[in-house]
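Before any comments, here is the structure.
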Amino acid sequence: MMLSASTTSPIVCSWCLWTLLSLCYGLEFRYHNSAEVEKYLREVSRNYPAFTYRYSIGRSVEGRHLWVLVLGKFPKEHKVGIPEFKYVGNMHGNEVVGRVLLLQLIDYLTKGYRSNPVVTRLLDSTRVHILPSMNPDGFESSSRECMNGYGRYNSNGVDLNRNFPDFFTREGEEEEEDREFEVLAIMEWMKQERFVLSANLHGGAVVASYPYDNSNGGNELQEGASVSPDNDVFIHLATTYSYSHAQMHQGNACSDSSFPHGITNGYQWYKLPGGMQDYNYVRQQCLEITLELSCCKFPPERELPGYWDANRAALMSYMQQVHLGVKGQVFDGNGNPVRDAVVEVQGRKNLCPFRSGADGEYYRLLLPGNYTFKVTFPEHETLIETLYVPYGPEKYSALKHDFWLQRSINSSASTPASTPASPTKPTKPCSDRGLQPQDSHSPALLVTSGMTLLLPLLLLSLLM
């Protein structure tokens, strides 16, 4: 077929050349500065508009954009039933391996979509958001030293991973005072997108760390760990990454540390108030773990290809875990989807109850098994249902189940079908200062008791 003159325009030729060069050579393994990262993300979104979209969630203290690239079948908008996932890198400016890996991951996903069946299934079933650098100012000021260099903090000299609202302390309310620009941007981003699963990438060790990072000395404190209601799921998530990684699961990649199975409870490692992963989980119902990916925070560039080889499969396997558990919508007595219905799992008393979002949508990451759900909404009968949840990641979809509520006999029968009920009140206060010790965490398993259950699931996922 002959091409017309209009078809062979300079723009088309430029796109063809860029695509050919990227396929032949790939993204260069080096430390790209903030301007280069911005240019690269702009080029990717321009050349792959069908399944990528670039946007900024805000600016750093020095005014640099916090650029995100989203990849998926519907990159510009959320679709019911397609979970939102995110990776965040370079929170500490001088911990740079994660920043490099996320750029390489973007390169890998864009090349693989429609040609690699695993990449295609992932992006068709998941909306993936990648923020290569949360702290571009810190990166630009960093010294290229292995451990003790400068650049960790933002331009105000603040550790961003100590600056989030902490619900185990008296400073736990979500006020904007003393919040850094970068932290405020992340907080607002999470409110807008309602992420289901996340990981933030750090350096200085090789281990997958999971919540809680902090404790108020309540019943969450068990054998030196601060145990969350979804501890079994967190152990599975951390173990999935660790055992998909080339060395992490060995637990001794760095000479000064030893982590059984390459994972650790955050608090058991060291207490961390104001951390991002606890905030994700407690306040935004997004399960997040912290991935420490290199003994040296700022390794030589010649070592970067090896880090990519060690982490590529793990980054992919972890994203697939967004399809654990159950998902669906909550409908009221008139058949309308309702926002802010409380969707609780018996035996899991979350500090902030999980709620339905826009379009009545909910997600609960759960390991295979039987679970009893309790769904409540004003002027409606409490709904209790027991479900068997299979292992969803192998099919790239959690179990789909909708909850249909019935209007309470005592509610106003004259309420029009189009009039939404007011949001229900939380069963546990989410913004009270100084949270009280929790009652019970019956499903919370420590590492030693959880591994027997989780390793068969992990091996199954690795064989896929």
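Nothing in this text is a laboratory measurement; each read-out follows from the coordinates by a stated rule. Computed from a predicted structure; not experimentally measured. Virtual Cβ from ideal backbone geometry, glycine too; neighbours counted across all protein chains shown.
Under a point spin-label approximation (7 Å from Cα along Cα-to-Cβ), what is the Val80-Asn370 distance to one decimal in nm?
For Val80 paired with Asn370, the spin-label model returns 3.0 nm.
Extent of segment 145-282 along each principal axis, from alpha carbon coordinates, in Å, largest to smallest?
In descending order, the Cα extents are 42, 40, 30 Å.
Can you put His323, His32 in order, fewest other beta carbons within 10 Å first?
Taking fewest neighbouring Cβ atoms as first place, the list is His32, His323.
What percent does the relative contact order of segment 35-192 come to when contacts are Cα pairs within less than 8 Å and at least six residues apart?
It comes to 25 percent, rounded to a whole number.
Counting only DSSP beta bridges with both residues in segment 37-323, tell me the antiparallel percent, nearest 5.
45
Report the residues of segment 42-86 in range of a label on Asp124: point 7 Å along Cα→C-beta, backbone N strictly under 14 Å from it.
72-74
If each residue's Cβ is checked for other Cβ atoms within 10 Å, how do Glu77, Glu145, Glu95 rank with the fewest at the top?
The fewest-first ordering by Cβ neighbours comes to Glu77, Glu145, Glu95.
Using amide H atoms built in the peptide plane, which far-off residues or other-chain residues are under 5 Å from Phe403 H to H?
Excluding prolines and chain starts, which carry no amide H, the hits are Gln329, Val330, Phe331.
What is the set of long-range amide H partners of Gly325 at a cut-off below 5 Å, with H atoms built 1.01 Å from backbone N?
Amide H neighbours of Gly325: Leu366, Gly392, Leu399.
Once amide H atoms are placed 1.01 Å from N in the peptide plane, what residues at a sequence separation of 5 or more from Ala225, or on another chain, have their amide H within under 5 Å of its amide H?
Amide H neighbours of Ala225, under 5 Å, 5+ apart: none.
Taking R0 as 51 Å, what's the FRET efficiency between Gln346 and Ser115 from their Cβ-Cβ distance, rounded to 0.05?
For R0 = 51 Å, the calculated efficiency reads 0.70.
When Asp309, Asp137 are ordered from fewest to most other Cβ atoms inside 10 Å of their Cβ, what list results?
Fewest-to-most ranking of Asp309, Asp137: Asp309, Asp137.
If the viscosity is 1.002 mPa s and the temperature 20 °C, what Stokes-Einstein diffusion coefficient in µm²/s follows for segment 326-404 when Rh is the Kirkwood radius over Cα pairs?
Result for D is 167 µm²/s.
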